[in-house]
Structures are given as structure tokens and as C-alpha cells.
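Take a look at the structure below.
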Amino acid sequence: MPGNLNDNLQETDSGKKDEFFDHLLKGKLKTAGSIAVELLHAMEAHFGPEARQVLDTLVENRQFQARQNLGMAEEDLHAFCDALDQGCVGTHQWERVVDEPDRIGYRYTRCMWAEIFCELGEPDLGFILCAGDKPAVEAYNPALGFERTRVLMHGDEDCDHVFYIKGK
């Protein structure tokens, strides 16, 4: 069956499986990103600069519903970052540069979303994804915080993410 992933993997050399997945996943994500870019451009053509202002407002006001049944801040910090690690497999390259009980820091050197939206000429649109980092961790547990000073989506050589327990 041509669309079966397992059949395609069996035909792929073991050394090239990462390359195969990378190409496959990036192609699918680029299709989704292209649709978002088309939609933004159509909205700009119809509504003018206000469409871009709506995008800016969305980035500034990104929020998530608060999680119920909060745990202890230290446990939630590590659980959140463990889930983040799992969620980034296949689309990002990173290393944990800080791994302490009350602070976890990352250095991201690759993000497919940044690559895609920069290739499409719309990193501001892609930044909607990045803008969710702080509100996501705060919705997970309000005792947690987030800092970032560099962003791949803005052309920096890496993203620095620091998740921490507020007040420590």
C-alpha cells in the first residue's frame, strides 16, 4: 500500500530513516503553514492592514485554559518540561542546558516551524506558535514562569527557553 508508513520505512535504508521522517513531516507542516499564509494574505487583501493588527493582537493576548488539579510546583515544572520534550521530538533539535529542581533551561537550535514560516516569508505569523510558550506553562500551573531572549523565528541562531518556579 503506497500510503502505508511501515511499507515506506521498510524500503528506506536504516541510516536514512531520520532523513525520510524529516522530509515527510516538514512537507506536511509546510502545507499547513502555506494555507495559513494564504489565509492571512487573503484577509489582508480583503480587510487591509487591520488583518495584520489582528495577528499582532493574537500574539500579544495568547491564553490557555487553566489546568485543574494542580500539583506541587516542582513536580509540575518537571512534568511540563518532560511533556515538552516529547512534543518536540521530530520537529526540533535542542539540549537541556539547565536541569535543576526549580529551573529548566533549553537551547533550541532547530525548529521546523521557524524554518517553514521563514521560508514562506511570514515569521510573524509563525510567531503565534512561539507566543504560546509563556501562557501554556502558566496555565499548567500559575506558580511556573517562562523567560526567553532569543527566538529562531526572529532570525536568532537559537531559542533560549527557561521554565522556572516563580519566586525562587
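Each residue of segment 101-114 was assigned a 3J(HN,Hα) from its phi angle through the Karplus curve 6.51 cos²θ - 1.76 cosθ + 1.60 (θ = phi - 60°); the sequence is x, 10, 7, 10, x, 10, 10, 8, 10, 8, 9, 4, 4, 5 Hz, with glycine and proline shown as x.
Quick check: residue separation of Gln68 and Asp156 times 0.36 nm, minus the Cα distance between them. What number comes out in nm? Full-extension gain reported as 28.1 nm.
Listed peptides 127-140, 82-95 appear in the order 127-140, 82-95 once ranked by packing, highest mean of other Cβ atoms within 10 Å at the front.
Mean separation of Cα pairs under 8 Å and 6 or more residues apart, divided by the residue count, gives the chain a relative contact order of 23 percent.
For Rg/Rh (Cα atoms, Kirkwood Rh), several values are listed as [x] 0.96; [y] 1.02; [z] 0.93; flag the one computed from this structure. So the structure-derived entry is [y].
Show me, for segment 25-35, the HN-Hα J-couplings you get by feeding each phi into the Karplus relation (A = 6.51, B = -1.76, C = 1.60, θ = phi - 60°), rounded to Hz, glycine and proline as x. For segment 25-35, the Karplus-derived couplings read 5, 5, x, 5, 5, 5, 4, 5, x, 4, 5 Hz, x marking Gly and Pro.
Of the residues Trp113, His41, Thr57, the one whose Cα sits farthest towards the positive end of the charge dipole of the chain is Thr57 (charges of +1 on Lys and Arg Cβ, -1 on Asp and Glu Cβ, taken about the Cα centre). Each residue of segment 137-154 was assigned a 3J(HN,Hα) from its phi angle through the Karplus curve 6.51 cos²θ - 1.76 cosθ + 1.60 (θ = phi - 60°); the sequence is 5, 6, 6, 5, 6, x, 7, 9, x, 8, 9, 8, 10, 10, 9, 4, 4, 9 Hz, with glycine and proline shown as x. Residues Ile104, Ile165, Ile35, ranked from the fewest to the most other C-beta atoms within 10 Å, line up as Ile35, Ile165, Ile104. Placing pseudo-labels 7 Å out from each Cα toward the beta carbon at His41 and Asp82 gives an inter-label distance of 4.4 nm.
Amide H contacts of Lys166: Leu144, Gly145, each under 5 Å away and 5 or more positions distant or on a separate chain (H built 1.01 Å from N in the peptide plane; Pro and chain starts excluded). Cross-link partners of Lys166 among lysines, defined as those whose alpha carbon lies under 24 angstrom from its own and excluding same-chain residues fewer than eight positions apart: Lys134.
Taking amide H positions as modeled 1.01 Å from N, with prolines and chain starts lacking one, the residues under 5 Å from Arg110 and 5 or more places away or on another chain are Gln93.
Magnitude of the charge dipole for segment 5-165, about its Cα centre and with charges confined to Cβ atoms of Lys, Arg (+1) and Asp, Glu (-1), is about 260 debye.
Determine the percent antiparallel among the DSSP beta bridges restricted to segment 5-165, to the nearest 5. Rounded to the nearest five, the antiparallel share is 100 percent.
Bear in mind these aren't lab numbers, they're just calculated from the coordinates by the rules spelled out. Predicted model only: the values in this text are computed from it and were never measured. Here Cβ is always computed from backbone atoms with ideal geometry, including for glycine, and neighbour counts include all displayed protein chains.
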